[in-house]
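The block underneath contains the structure these notes are about, expressed in structure tokens.
The values are calculated or read from the model by the stated rules, or taken from the named source; none is laboratory data. Quick caveat, the model's predicted, so the values are computed rather than measured. Every residue, glycine as well, gets a Cβ built from its backbone with ideal geometry; the counts of neighbours run over all protein chains shown. Note: accessible area is taken over every heavy atom of the protein model, side chains too, but ligands, DNA and RNA are not part of it. Shrake-Rupley method; radii C 1.70, N 1.55, O 1.52, S 1.80 Å.
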Amino acid sequence: MTRMHELVNRCYACDPRIRAFNEERKRRKIEAKLAKQEAYKKELEAAKLQKEENERIAKEQEAQRVQEAKEKAEVEKKERQKQNKLLKQERKKLRENVKSHNYFNTNEDNIVKSMENLDLLLLSLTIDDMKNLNSVSEDTENFTVLYQNQLNSNLAAQENKNQREPHESQNRAKRSTRSRLATRTSSPHKTLHFSSKLSNHSPQAQLTDGTPSQTT
């Protein structure tokens, strides 16, 4: 049997057709293996390129998001600055309008309290509220009614708030009033005159060296 196999193998080896067939089959196997390796290599390369592309897109999107957030923050900052500037202007204008009416105060004994009430009101009013008040400042009767309504509403709200919270708003208003009074009475002559007026009419509000003190 073994000799028979050897004979057959020798016949195959001598037959050029069999030899060519075996060589072709071997070549095809090698080509298939190389093609498989090349496809795997291309797949890895494509995955790498896709990963790099995804990372590039993610970086661009993040950079765009940061830039948009920066631009938005800048716009919001400018808008806040604009609103704050307008708020200060309307606040100053309303203060001057109320001041021109002597703070709607007919009794000099209550002038400091009236100024403090104005400061509290200015802290709570919106810019639209102040614009509405300033728009009718030339109409004394209408301006008086609107101001008193706003003032009374604010005092009522402040009273309710003070029952639950510390008197920080009042303290801020008092500090603001005292600061303006100190500036207003900075000269010796004005200090003496204003201090004499308050001491003669009010046992609760006096000025010493241009700084008012109030007993609460």
ask   = Any idea how many residues of the stretch 115-153 are under 16 Å from Arg91 (Cα atoms) and either over 28 Å from the mean Cα position of the chain (by Cα) or open to solvent by less than 20 Å² (accessible area, probe 1.4 Å) (or both)?
value = 20
In the stretch 154-192, residue modelled with the highest pLDDT [restricted to those that are open to solvent by 60 Å² or more (accessible area, probe 1.4 Å) and assigned to a loop (DSSP other than H, G, I, E, B)] = Gln163
ask   = Quick one: what pairs do we get from the stretch 60-77, first residue free of Cβ contacts under 8 Å to residues at least 60 places away in the same chain and aromatic (Phe, Trp, Tyr), second in a helix (DSSP H, G or I) and open to solvent by less than 90 Å² (accessible area, probe 1.4 Å), C-beta under 7 Å, 6+ apart or different chains?
value = none
task = Check whether at least one residue in the stretch 46-68 is surrounded by 10 or more Cβ atoms within 10 Å (Cβ to Cβ) and under 30 Å from Ile127 (Cα atoms), and report yes or no.
result = yes
key: Leading residue by the ranking (farthest from Thr126 (Cα to Cα)) among those in the stretch 69-104 that are among the acidic types (Asp, Glu) and out of contact with any helix residue (DSSP H, G or I) (no Cβ under 6 Å at 6 or more places or on another chain)   = Glu71
